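In what follows, a single structure is set out as structure tokens and then discussed.
The values are calculated or read from the model by the stated rules, or taken from the named source; none is laboratory data. Because the structure is a prediction, the values reported are computed rather than measured. All Cβ positions, even for glycine, are placed from backbone atoms using ideal geometry, and neighbour counts span all protein chains on display. Protein only, heavy atoms only, side chains kept; ligands, DNA and RNA dropped before computing areas. Shrake-Rupley method; radii C 1.70, N 1.55, O 1.52, S 1.80 Å.
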Amino acid sequence: MNIVIFGPQGVGKGTQAKLLASHYALKHISTGDALRESIKSGAPIGKIANNFIQKGEFVPDDVVNEIVEKDLAKHTNGWILDGYPRNLEQVEYLHSALEKLDQKIDYIIVLSAPHSVLVERMNQRREIENRSDDIEQIIEKRLELFREKTKPVLDYYNEHNIVKTLNGVGEIEEVNKYIIANIESLKQG
Ligand code: AMP
């Protein structure tokens, strides 16, 4: 089973993606995590990525496209894609990569939450994880980029795929059970 999970920053999509990956034995492919690891390890792409992440901007498409394509090729037994595709150019790239690999997206899950909840959660996360991009002005910029660049991706998928939009507000376990119940009902058709 291949899933793409969407949602604005702070909605808890990373946490939910990890839980779903472990529940369904899927590979969790997170471009944000991969970029943060490459920064930590001092890899050349980490140096490029760091500048963009700190400013709350998107990392160039060719950098993230390469990460995703390599991971998709390695993990043919099911994956959950988190944080990608984030713009229509990445959608196009993903589709040609999936075609080459003879893979397809089965379900698309969109998590939503009110703006005030997202800002509050990112402020809390800054205290816990000390992420350099969870700073007030940068948070607003990232949410704006989501509205401007990633909403059109959701519109595209709403027209072409099975998309389930779910409320991401609640206890982690509760939201997780709710997502799983929805995936199970999607499976029943
Ligand atoms: P995330 O952990 O998904 O919120 O990603 C953290 C940051 O990594 C984003 O704010 C972007 O700067 C960068 N990033 C992650 N995924 C992508 C992507 N698909 N396209 C461009 N930049 C990305």
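Tell me, please, whether a residue that is near the ligand (Cβ under 10 Å from one of its atoms), of a type in the set (Val, Ile, Thr) and crowded, with 19+ Cβ neighbours inside 10 Å can be found in the stretch 65-74. Within the stretch 65-74 (the criterion being near the ligand (Cβ under 10 Å from one of its atoms), of a type in the set (Val, Ile, Thr) and crowded, with 19+ Cβ neighbours inside 10 Å), the answer is yes, since at least one residue qualifies. Of the helices (runs of 4 or more DSSP H) lying entirely inside the stretch 18-119, those carrying at least 1 residues that are of a type outside the set (Phe, Trp, Tyr) and touching a strand residue (DSSP E or B) at 6+ places or on another chain (Cβ under 9 Å) are 31-40, 61-74, 88-101. The residues in the stretch 125-143 that are surrounded by fewer than 17 Cβ atoms within 10 Å (Cβ to Cβ), in contact with a Gly (Cβ under 9 Å, 6 or more places away or on another chain) and in a helix (DSSP H, G or I) can be counted, and the count is 3. Scanning the stretch 43-64 for residues that are open to solvent by less than 20 Å² (accessible area, probe 1.4 Å) and of a type outside the set (A, V, I, L, M) yields Gly46, Gly56.
Residues in the stretch 130-189 that are touching a helix residue (DSSP H, G or I) at 6+ places or on another chain (Cβ under 6 Å) and within 13 Å of the ligand (Cβ to nearest atom) were compared, and the one that is modelled with the highest pLDDT is Val153.
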